[in-house]
Amino acid sequence: MIRALVVDDDAANRAYLRTLLAVHPEVTVIGEAEAIAPAHTLISTAAPDLLFLDVEMPGGSGFDLLERLGTWPFEVIFCTGFQRYAIQAIRFSALDYLLKPVQPDELAAALHRYHQRHMDADRRVVQQQFLQNIRQADEQHLKLTLTTGDRTYFVAPAELSHCTADDNYTALHTVDGRRFVSARTLKDYEDMLQPLGFLRVHRSTLVNKAQITHLDDGHVVLRTRARVEVSRRKREEVLKALGS
């Protein structure tokens, strides 16, 4: 049984989410709050397993609530409209979110991810890095949360040289030779990293533009001396990006 709380300033949104959750018998909504002050009180008394948390609310954001808590012994699924920076901070921190209006299939996928990850031993350090991310005023200072084995690492975009697709996984390569494997797709990383100077040069490769030294025989050559193939379809786009 998953004991869930819903925090959203809009009563209609709370009712709608309750309706969607009603088809998931493993989830019981044990309480609701419309602002961070009553939410803080409710969390301390209800001991939830999962919190559905709105980002923008009168009197303080969902981020403010988590800042006030410092650490939290439950999982969070953010529910938000399209707020680019908020979503970037959430995704970089490997936390989950749902765009409003919440779709039933997306909610089901989020609950599936909850079952896969809610016993993460590094929860506390991941939470602290998330709080660090939301305090940043510049996206370039966000750090990706990456896990290898039983260790969690926090990697700045500038530390990455390139990312390569491996089926539904992505291998992330750093400038100092480390390699991380993530269960996210390359498209996920393209969405996160393209605004920060990363360039898709092939259907299976995303490179850090700042790491490219030159083009050579259909490849970009990186500062790490790695050679990455440029697809014919992407060649003009790559030449234009490097010339800008």
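Output the residues belonging to region 228-237 that are at pLDDT 90 or above and either assigned to a helix (DSSP H, G or I) or exposed (fewer than 12 other Cβ atoms within 10 Å of the Cβ) (or both).
ARG232, ARG233, LYS234, ARG235, GLU236, listed by residue number.
Tell me yes or no: at least one residue of region 132-147 is under 30 Å from GLU229 (Cα atoms), within 16 Å of the chain's Cα centre (by Cα) and part of a loop (DSSP other than H, G, I, E, B).
yes
Do we have VAL23 as out of contact with any strand residue (DSSP E or B) (no Cβ under 8 Å at 6 or more places or on another chain), more than 30 Å from LEU160 (Cβ to Cβ) and not in a helix (DSSP H, G or I) here?
Against the criterion (out of contact with any strand residue (DSSP E or B) (no Cβ under 8 Å at 6 or more places or on another chain), more than 30 Å from LEU160 (Cβ to Cβ) and not in a helix (DSSP H, G or I)), VAL23 qualifies.
Of the residues VAL76, VAL126, which is of a type in the set (A, V, I, L, M, F, W, C), outside the structural domain of PRO195 (by TED's automatic domain parsing), farther than 22 Å from LYS187 by Cα and part of a helix (DSSP H, G or I)?
Result: VAL126 is the single residue among VAL76, VAL126 that is of a type in the set (A, V, I, L, M, F, W, C), outside the structural domain of PRO195 (by TED's automatic domain parsing), farther than 22 Å from LYS187 by Cα and part of a helix (DSSP H, G or I).
Going residue by residue through region 174-186, is there one that turns out to be modelled with pLDDT of 90 or more, closer than 25 Å to ARG84 by Cβ and part of a strand (DSSP E or B)?
Within region 174-186, one or more residues are modelled with pLDDT of 90 or more, closer than 25 Å to ARG84 by Cβ and part of a strand (DSSP E or B).
Can you name every residue in region 15-32 that is touching a residue at least 60 places away in the same chain (Cβ under 8 Å) and either farther than 17 Å from ARG113 by Cβ or surrounded by 16 or more Cβ atoms within 10 Å (Cβ to Cβ) (or both)?
Across region 15-32, the qualifying residues are TYR16, LEU17, LEU20, LEU21, VAL23, VAL27.
Among the residues of region 77-95, count how many are of a type outside the set (S, T, N, Q) and surrounded by fewer than 18 Cβ atoms within 10 Å (Cβ to Cβ).
4
The values are calculated or read from the model by the stated rules, or taken from the named source; none is laboratory data. Everything numeric in this text was worked out from a predicted model, so none of it was measured. When we count neighbours, we look across all protein chains shown, and the Cβ atoms used for this are built from the backbone with ideal geometry, even at glycine.
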